[in-house]
1. Quick one: which of 198, 204, 156, 192 is at pLDDT 95 or above and over 16 Å from the mean Cα position of the chain (by Cα)?
2. Which is within 16 Å of residue 149 (Cβ to Cβ) and either touching a helix residue (DSSP H, G or I) at 6+ places or on another chain (Cβ under 9 Å) or at pLDDT 95 or above (or both), of 42, 22, 7?
3. I'm checking my understanding of the structure. Among residues of the stretch 41-71 that are in contact (Cβ under 8 Å) with a residue 24 or more places away in the chain and loosely packed, with under 13 Cβ neighbours inside 10 Å, which one is nearest to residue 182 (Cα to Cα)?
4. Take residue 113 and tell me if it is surrounded by fewer than 17 Cβ atoms within 10 Å (Cβ to Cβ), in contact (Cβ under 8 Å) with a residue 60 or more places away in the chain and outside the structural domain of residue 21 (by TED's automatic domain parsing).
C-alpha cells in the first residue's frame, strides 16, 4: 500500500483530469510550490476542508474513534433533556451512540443540535468519524481504496476550473461516485457485525423505554 500524502492526492487528481503531475517543492517534500492553476485549484479545495468532506461521506472504520463521554456540568439545558455533551473537537459525524462500553446497546432518546448532544444520562459511549491526525487525518494509514476516492473527489472538484471541459468534469464526477462506493465496500469488510436499534413497533410495545435484548428481536447487519 502506497502511503498517501498531500502531493500524491494532488497528482492522483491531476492524472484523472489529464494534467501534468506536480513536482515536489524539494527532494522528499509532500507538497508542491509550482505556480500552476492546477496546484492553486487543488490548494483551494484542500484549504476549504476537502479531506473533511471525504471523511464525512462515509462511516469509515479507518477514521473511527470510540470514547467514554461524560456530560458537561457547566452547560445546563434550558428544558427537556437534563445533560449536555459538547461535540469533540475532532468530530466529523456519528457512527454510534450507546449506553454500554461494548457499543451494543444504542441510546434511543437524545437530541443533537448546535454542537451539543442532549440526553438524560451523565455518561455515554460514542463512536464517531474523527479528523484527528491519529485517526482520519493519519494519511499514512489510509487504505488504497480510500486514497483513490479522495483523489477522485479532488479531481471532480477542480476539473471544470482547470480544464474548462464539461464532459471531462462529468466523467470525473462519475469516477468520484464509483470510487466512493468501492471505498465504502472495502472499508465495510473491516466492520464487526452490529445490532440494529429496535424498531418503532417494538419500542411501542415497551412504552418507548430504553430497552436492549441480546436475543433474536434485533436484526443483524454487516
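The values are calculated or read from the model by the stated rules, or taken from the named source; none is laboratory data. For clarity, every value in this text was computed on a predicted model and none was experimentally measured. All Cβ positions, even for glycine, are placed from backbone atoms using ideal geometry, and neighbour counts span all protein chains on display.
1. Going through 198, 204, 156, 192 in turn, just one is at pLDDT 95 or above and over 16 Å from the mean Cα position of the chain (by Cα): 156.
2. None of the other options fit; the residue is 42.
3. So the residue we want is 67.
4. No: the conditions fail for residue 113.
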